[in-house]
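Written below as structure tokens is the structure these notes are about.
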Amino acid sequence: MTLTDTELSSLAERLQERHRIVLAMVREEIEQSDAREYGKLIGALPGDVGDQSVADTLADLNISIADRHITQLRAVEAALLRIRNGTYGTCIDCGAEIGFERLSAYPTAERCIQDQDRVERTYAHESMPTL
């Protein structure tokens, strides 16, 4: 069962709204990073290794947040492109249809549930840091 025009329109609107929200979040994060005083923390006198560690951690956190937003933005843009190309709702691995329920829950889904489960079981350990 393919997506109806109403379902596709609803999902496209949600994706466009998500795109606007995430883009605003990226812009805000970039603007706020200029206002933050990480450099002052690093160069503060008298400073110690602990001060530098805190400044480095805050800077790393800022980069991680921006990176997460950009990853979300790219996923939304890819989904909108699939809508324009007529491939939205089709699994990129097996070509099966992705159900409306799944797309409603996760509008940027590229895979059917079975293939996504397989990918997660196969590659989940790669992103897990170890000591």
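The values are calculated or read from the model by the stated rules, or taken from the named source; none is laboratory data. What you are looking at is a predicted structure, and each value in this text was computed from that prediction instead of being measured. Quick reminder, even Gly has a Cβ in these numbers, built from the backbone with ideal geometry, and neighbours come from all protein chains shown.
Quick one: which of Glu31, Glu17 is at pLDDT 95 or above, at negative phi and under 26 Å from the mean Cα position of the chain (by Cα)? Talk me through it step by step, then tell me what you get.
On the way: Glu31 fails: at pLDDT 95 or above.
Within the list Glu31, Glu17, the selection yields Glu17.
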key: Among residues of region 67-101, those that are in a helix (DSSP H, G or I) and either within 17 Å of Leu23 (Cα to Cα) or touching a Ser or Thr at 6+ places or on another chain (Cβ under 7 Å) (or both), counted   = 15
message = If I filter region 11-21 down to residues being under 20 Å from Arg84 (Cα atoms) and not acidic (Asp, Glu), which single residue comes out as surrounded by the fewest Cβ atoms within 10 Å (Cβ to Cβ)?
response = Arg20
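If you take the residues in region 67-86 that are β-branched (Val, Ile, Thr) and closer than 24 Å to Gln32 by Cα, which one is surrounded by the most Cβ atoms within 10 Å (Cβ to Cβ)?
Within region 67-86, the first condition is being β-branched (Val, Ile, Thr), and the residues that meet it are 70-71, 76, 83.
With closer than 24 Å to Gln32 by Cα added as a condition, the list becomes 70-71, 76.
On the way: Ile70: 15, Thr71: 11, Val76: 22.
Only one residue fits best here, namely Val76.
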key: Criterion: closer than 19 Å to Val22 by Cα, at pLDDT 95 or above and either among the polar types (S, T, N, Q) or surrounded by 15 or more Cβ atoms within 10 Å (Cβ to Cβ) (or both) - qualifying residue of Ser104, Ser64   = Ser104
